[in-house]
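Everything below concerns the one structure shown next.
A short reminder: the numbers here are calculations on the coordinates, not readings from a lab. If you're wondering where the values come from, they're calculated on a predicted model, not measured in any experiment. With ideal geometry, Cβ positions are generated from the backbone for all residues, glycine too; neighbour counts draw on all protein chains shown.
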Amino acid sequence: MSENNDLIDAFVKIADTVEMKQFFDEIFTSNERKDLHLRWKLMKLLKSGVPQRKIAADLGISLCKITRGVKIIQDPDSVSNKLL
């Protein structure tokens, strides 16, 4: 658990967008960054009310991948939901 907290603490210390981008480039592979971007894009589309089937078709992902995002968006206490 403390390993996870160490990483979270590192994220919290970065307030600058340029520095955060550099940090992402340093610790995530290109594919990992693409996956994170895709996940966030999916969440934004869900939050804006785009139908799941349209999201699946537009992003080229399965409905199964969208299910997790739906659960998060439906939770009024989720941090992601608040950020969106």
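What translational diffusion coefficient, to the nearest whole µm²/s, does the chain have by Stokes-Einstein, given a Kirkwood radius computed over alpha-carbon pairs, a temperature of 37 °C and 0.692 mPa s viscosity?
Reported coefficient: 227 µm²/s.
Pick out which of ILE66, ILE27, ILE55 has the largest mean-square fluctuation in a Gaussian network model of the chain, springs linking Cα atoms closer than 10 Å.
ILE27
Over the chain, with a Gaussian network built from C-alpha contacts below 10 Å, which listed residue (THR29, THR67, THR17) shows the highest mean-square fluctuation?
In the Gaussian network model the winner is THR17.
Take every Cα pair under 8 Å in region 2-83 that's 6+ residues apart, average their separations, divide by the length, and report that relative contact order as a whole percent.
Across region 2-83, relative contact order equals 18 percent.
With +1 on each Lys and Arg Cβ and -1 on each Asp and Glu Cβ, and nothing else charged, work out how big the dipole of the chain is about its Cα centre, in Debye to the nearest 20.
720
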